[in-house]
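Asker: Have a look at this one.
Every read-out reported here was derived from the displayed coordinates using simple, explicitly stated rules and does not represent laboratory data. Predicted, not measured: the structure shown is a model, and the values here were computed from it. Heads up, the Cβs are rebuilt from the backbone with ideal geometry, glycines too, and the neighbour counts pull from every protein chain shown.
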Amino acid sequence: MSEYKRLNRTLVSKGTIIDYYRDEMLIPNGHIGMWDHIEHKGAAAALAVLDDGRILMVRQYRNSIERDTLEIPAGGLNPNEDPALAAARELREETGYVAGHIEKLLSLYTTVAFSNEKIHIYKAYDLTKDRQHLDDDEFVDVLAYTLDELIEMIRLGKIEDSKTIAAIMTYANEINDKGCR
């Protein structure tokens, strides 16, 4: 594969969650290209499984798509924060549940074409109900669904969030590999 080289990166806008850059790139044919880059601090999420096998989901409004979504609990990493601890923190803040055990499920880059956002997704279980700790601008409904219900919602286009789909399908594959459901 031919080599690409970044010649310059210019900060266009600094945000609260992301920073937007314009990259000047030398591309393999010798031309100069201008590419967008979104710098993200990273995130963590939890696929939380109740004792009865149902999975906790959060319904919340998302400004970028101007509607409510159904997702697994997730949020940004704090500086130098362990992703497993961040996933447990977000689970407690958004759902009010505390995980007795948490283990890595997968990590993924959300949109490699223009962002370096990487989400670390954990499976959380042995859950204990506590209380939500929402931010002042956060309004979250907590719901629980069976794995089959969630897979059907993905199939019907009712769940479109990439981290949630990846987590549910990875978990379903893990369950099927173990021969139980």
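Asker: Which value, in debye to the nearest 20, gives the size of the charge dipole of the chain about its Cα centre, when Lys and Arg are +1 and Asp and Glu are -1 at the Cβ?
Answerer: Here the chain has a charge dipole of around 420 debye.
Asker: Would you be so kind as to identify which of Leu77, Ser2, Ile38 lies farthest towards the positive end of the dipole of the chain, taking Lys and Arg as +1 and Asp and Glu as -1 on Cβ and the Cα centre as origin?
Answerer: About the Cα centre, the residue reaching furthest to the positive side is Ser2.
Asker: Counting other Cβ atoms within 10 Å, which chymotrypsin sites (Phe, Trp or Tyr not before Pro) in the range 73-117 have at most 14 and lie in a DSSP loop?
Answerer: Hits after loop and neighbour filter: Phe114.
Asker: Beyond a 21 Å Cα-Cα separation, which of these cross-linked pairs lie in this structure: Lys118/Lys158; Lys104/Lys158; Lys5/Lys41; Lys123/Lys163; Lys14/Lys41?
Answerer: Lys118/Lys158; Lys104/Lys158; Lys5/Lys41
Asker: Looking at the range 42-177 from every direction and averaging, what is the projected area of its Cα convex hull in nm²?
Answerer: 8.5
Asker: Separate question: I want the local charge near His40. Using Cβ-Cβ distances under 11 Å, sum +1 for each Lys or Arg and -1 for each Asp or Glu among the other residues.
Answerer: -1
Asker: Any idea what the relative contact order of the chain is, in percent, if you count C-alpha pairs under 8 Å spaced at least 6 apart?
Answerer: 21
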